[in-house]
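Quick notes on the structure that follows.
Each reported figure results from applying straightforward, stated rules to the coordinates on display, with no laboratory input. Remember, predicted model here, so these are calculated numbers, not experimental data. Cβ coordinates were reconstructed from backbone atoms using ideal geometry, including for glycine residues, and neighbour counts include every protein chain displayed.
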Ligand code: MIG
């Protein structure tokens, strides 16, 4: 049962697709304090709180304060309150109640979950305008399903996007991309995609290709596709200001860019230097920007990733000028402790400066609205621009995922979890973010495997790949100037080959489970507590259920050759060294120490579970979904509901 309550006069987000009439009065369960602009809720002893999509800390969000304020923050530390996305959906779980809450507002919201008062949750707003949806149901899974039906069906990528992708910021030329493909082919490691980061563009201009570095691009795309490898270019939110650049000129002529209070186009800066931001909230501008993806589709491209769409801002022209003026005051002075830190703050706070988000406006649904009021739906509408265009441009599915998101964006694309680091703790973070993303319908998602920033190590890449083979978006990505981390560069390439091959062997299972989750509004990754009413499960933060048959217990600690695993019921342990080399053992419910050498992947088949295993191939499209072996635990192969389709037609 879903009940909707309206507080104030919220700006619509288009997150919800069902027509739901708001009820009179205040939302139940909460204390509503309109003066303090907050809702509060007493938490039960041991009540668990789930949700919020990709955020820091564990699966149970209780014990920290999160702020929905989409931010380009490359340090995903425990102390952070905001990352790139806002998914204002929470689930409360205790003996007394099971409750879902969706807070629908495009502005900034704070979720204090037992931070200020350990037994209280408060949701506070800058403007007390929001639609609050209260969802009750028989179980957490039932509540999630109702929420997901309300926000519409999840984006479905082409099937080849379940293959492995290699990415790196700084593949500077076509030859470098070829050499990556060669490296994989030589090592015999399967690969389906190579991602192109900003380096493929001409001077970082959206929808252009650098002719020198990537001559005859359509030919190159074709050549790679004939090898079975798809190129997936990045698109950035900012449009370079440059006379003669058609996209810039069209945008200016038609008033498609975000404007300042005085009516001039906002001048901000990102990669290309000075840019304008397309007003993705303006329907006409959205349609226009979306139509530009055709430029690359026409060159044979079949997928994209949308970046910097919080939006990230290096500086705005106006703010930078103010800083230059203020710097004058410091010249010739003795920068003592106070002045020195003030100076540092002045210069150090030019990027992603909070005040800059109040310097520009949108034309949204017939109203002029200051950006900060709708900040969290900017990236969502960039991806929506693409998604709506694809529907018109092609019958085929187009790969699309975004960095920034808000509820509703899951209908148009997936997400990757942004600029993590090559830290063991970020492998655990990746594990913990997956169920929260599933809850919100962001099914096609994953993190940068091996870590984006900082130098990685072979063992970290290996353990991370061992988890990554289970995430729909399975991509190794890293930042320029960091250690190269393509799998063929390491010593034990044979192990990497076996691990990635296992992914390809599991494709029929992963694709089936993904499709069932998308079509039936279900979760792909679940915390154990969503299916087992077992006190121990309520506290498990590093094991996940994946689809109907599997439980995962990834190894995420440096130098570990095993880990503790709790089994809420008997399960069959499969210790994979490759898709055909594994041992099986039935383990009784309870605590176990499960051994797994660096090249071994422990996977648990649940009672009644069936795991189909295909013969891996070098490309996902070559995997025969009909030719399967099965690992079963108290089940028959025929019990498994395999989902197949042509993998490319939009459904
Ligand atoms: O500020 O395009 O998250 O994946 O490699 C860096 C360069 C801009 C951020 C993305 C990252 C990408 C990088 N981009």
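Brief remarks on what is shown
- Solution diffusion estimate, µm²/s, Stokes-Einstein, region 397-464, Kirkwood Rh from C-alpha pairs, 37 °C, viscosity 0.692 mPa s: 261 µm²/s
- Length-normalised contact order for region 349-442 - Cα pairs under 8 Å, 6+ apart - percent: 19 percent
- Evaluated at q = 0.29 Å⁻¹, a Debye calculation over the C-alpha positions of region 169-214 (equal weights, vacuum) places log10 I(q)/I(0) at -1.03.
- Volume per residue of the C-alpha convex hull in region 418-532, rounded to whole Å³: 101 Å³
- Short-range pairs are left out: with C-alpha atoms under 8 Å and at least six residues apart, the relative contact order of region 469-561 is 18 percent.
- Remark: 482, 173, 383 ranked as 173, 482, 383, counting other beta-carbon atoms within 10 Å and listing the fewest first.
- Order of 440, 258, 65 - criterion: other Cβ atoms within 10 Å of each residue's Cβ, fewest first: 65, 258, 440
- Extension gain from residue 246 to residue 355, taking 0.36 nm per residue of separation minus the Cα-Cα distance: 36.2 nm
- Debye intensity ratio in log₁₀ form over the Cα atoms of region 11-169, taken at each q of 0.11, 0.14, 0.20, 0.21 Å⁻¹: -0.48, -0.77, -1.47, -1.58
- Distances between every pair of Cα atoms in region 480-543, grouped in 10 Å steps from 0 to the bin holding the largest one, split as 17, 24, 30, 24, 4 percent.
- Relative contact order %, region 36-125, counting alpha carbon pairs below 8 Å whose residues are six or more apart: 37 percent
- Gain on full stretching of the segment that runs from residue 173 to residue 538 - 0.36 nm per residue minus C-alpha separation: 126.4 nm
- Percentage, to the nearest whole number, of Cα pairs in region 560-614 over 15 Å apart: 47 percent
- Packing-based exposure ordering (other Cβ within 10 Å, fewest first) of 189, 229: 189, 229
- Between the beta carbons of residue 651 and residue 3, assuming R0 = 35 Å, the FRET efficiency works out to 0.65 to the nearest 0.05.
- Nearest-0.05 FRET efficiency for residue 118 and residue 34, computed from C-beta distance (R0 22 Å): 0.30
- Listed peptides 407-414, 88-95, 386-393 by packing density, highest first (mean Cβ within 10 Å): 407-414, 88-95, 386-393
- If the convex hull is drawn through the Cα atoms of the chain, its volume per residue in Å³: 167 Å³
- Mean ellipticity per residue at 222 nm, deg cm²/dmol - from DSSP H runs of n ≥ 4 across the chain, formula -39500 (n - 2.57): -7500 deg cm²/dmol
- Region 14-73: translational diffusion in µm²/s, Stokes-Einstein, Kirkwood Rh over Cα pairs, 10 °C, 1.306 mPa s: 107 µm²/s
- Förster radius 35 Å - calculated FRET efficiency between residue 211 and residue 584 (Cβ-Cβ, nearest 0.05): 0.05
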